[in-house]
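A.B. asks: So that we are looking at the same thing, I have put the structure below in structure tokens.
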Amino acid sequence: MKSILVIGMGRFGRHLCQSLVKNGNDVMAVDENEENLEDILSLVTSAKIGDCTKEEVLKSFGVRNFDICFVCIGTNFQSSLEITSLLKDLGAPYVISKATRDIQAKFLLRNGADEVVYPDRDIAKRIAVKVSANHVYDYLEMGEYSIYEIQPLEEWIGKSIKEVNFRVAYNASILGIKQDGRTSLLPDADHRFVKEEHLMVIGKKEDIDRILKRL
């Protein structure tokens, strides 16, 4: 469990708070508009109203005591930049800031952000991958590697992972198998593929593409 500060209760900030709480974290939500906090008051550990571009406001939160501070302001980049810089000046251990463009990310990183996220761009890219390829049920990019949820190739059905020689043949690995609403992680090499299951496969895009072209 981590202690997390989330500044900015737009759509991304609210969804982030909900997901963080569901994963067992202590969350403080902050926005300068009281109305933006109403939907999550019952979910988060605490909620504060305040203008976080003011140093005294951030000081009052004790930002150095949070494991992670999120800056989720998307409509006012100047405010996002100022808050990111102030958080680091006040000793926040790790700051993650939201950006909508690469130029914003560069400025945020130069002014103290430890990490920058592009939620709108990432969601759009994820959806584009899902709808552009046949039989891709989910997708997650992780830098050089990506995780794809796919169905087995017809030629694999009835064979084991070891018999297919999956890792060597495709330069990829099977992280898990989903079937009947259940997920099994790191399947044994003797697992035999069945038509009804979905595979969570990790690898480089060019290697996974070779599998997708055959689905």
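A.B. asks: Report the residue, chosen from Ile202, Ile49, Ile157, that carries the largest GNM mean-square fluctuation when the chain is represented by alpha-carbon nodes joined by springs under 10 Å.
C.D. replies: Comparing Ile202, Ile49, Ile157 in a Gaussian network model of the chain, the most mobile one is Ile157.
A.B. asks: How do Arg182, Arg101 rank when sorted from fewest to most other Cβ atoms within 10 Å of their own Cβ?
C.D. replies: Working: Arg182 8, Arg101 11.
Fewest to most other Cβ atoms nearby, the residues stand as Arg182, Arg101.
A.B. asks: Which lysines does Lys22 reach when only Cα atoms under 17 Å apart count, and residues fewer than 8 places away in its own chain are ignored?
C.D. replies: Reachable lysines: Lys2.
A.B. asks: For the stretch 39-83, give the magnitude of the charge dipole about the Cα centre (Cβ charges: +1 Lys/Arg, -1 Asp/Glu; no others), in debye to the nearest 20. Intermediate results must be reported in sequence, preceding the final value.
C.D. replies: Numbers: 4 positive and 6 negative charges, 21 e Å.
Charge dipole, the stretch 39-83, about its Cα centre: 100 debye, nearest 20.
A.B. asks: In addition: Hey, in the GNM for the chain with a 10 angstrom Cα cutoff, which one of Ser80, Ser132, Ser173 fluctuates hardest?
C.D. replies: Greatest mean-square fluctuation among the candidates belongs to Ser132.
A.B. asks: Additional query: Less than 20 Å apart at the alpha-carbon level, and either on another chain or at least 8 residues along: which lysines does that give for Lys54?
C.D. replies: Lys88, Lys98
A.B. asks: Continuing with this model, one more query. Assigning unit charges at the beta carbon (Lys, Arg +1; Asp, Glu -1) and nothing else, what dipole magnitude in debye, to the nearest 20, does the chain show about its Cα centre?
C.D. replies: Details: 29 positive and 33 negative charges, 119 e Å.
In debye, rounded to 20, the chain gives about 560.
A.B. asks: Now, a different point. Could you give the alpha-carbon Rg of the stretch 3-117 over 2.2 N^0.38 Å, rounded to two decimals?
C.D. replies: Numbers: Rg = 12.7 Å, N = 115, 2.2 N^0.38 = 13.4 Å.
The stretch 3-117 yields a ratio of 0.95.
A.B. asks: Rounded to the nearest 500 deg cm²/dmol, what is the calculated helix-only ellipticity per residue at 222 nm for the chain, with -39500 (n - 2.57) per DSSP H run of length n ≥ 4? Don't jump to the answer; show the numbers that get you there.
C.D. replies: Details: 8 runs with 72 residues, N = 215.
Helices in the chain give a 222 nm mean residue ellipticity of -9500 deg cm²/dmol.
A.B. asks: Another question about this same structure. Any lysines with Cα under 24 Å of the Lys213 Cα? List them, leaving off those in the same chain fewer than 8 positions away.
C.D. replies: By straight Cα distance, Lys213 reaches Lys125, Lys130, Lys159, Lys162, Lys178, Lys195, Lys204, Lys205.
A.B. asks: Here's another thing I want to ask about it. Using just the alpha carbons, could you tell me how many Å³ per residue the convex hull of the stretch 122-212 encloses? Mind dumping the intermediate values first?
C.D. replies: On the way: hull volume 8.8 nm³, N = 91.
Hull volume normalised by residue count: 96 Å³.
A.B. asks: Could you work out the relative contact order of the stretch 60-149, using alpha carbon pairs under 8 angstrom and six or more residues apart, expressed as a whole percent? Before the final figure, lay out the partial values.
C.D. replies: Values: 122 pairs, mean separation 18.4, N = 90.
Over the stretch 60-149, the number comes to 20 percent.
A.B. asks: Distance between Cα centroids, the stretch 22-63 to the stretch 73-102: provide it in whole Å.
C.D. replies: Their Cα centres are 15 Å away from one another.
A.B. asks: Would you indicate which of (1) 33, 26, 17; (2) 42, 18, 15; (3) 46, 17, 14 is the value of semi-axes √(5λ) of the Cα gyration tensor in Å derived from the coordinates of this structure?
C.D. replies: Working out semi-axes √(5λ) of the Cα gyration tensor in Å from the coordinates points to (2).
The numbers here are math on the coordinates, done by the rules we state, and not lab data. Owing to the predicted nature of the structure, the values given are computational and were not obtained by experimental measurement. Counting neighbours? That spans all protein chains shown, and the Cβs are built from the backbone with ideal geometry, glycine included.
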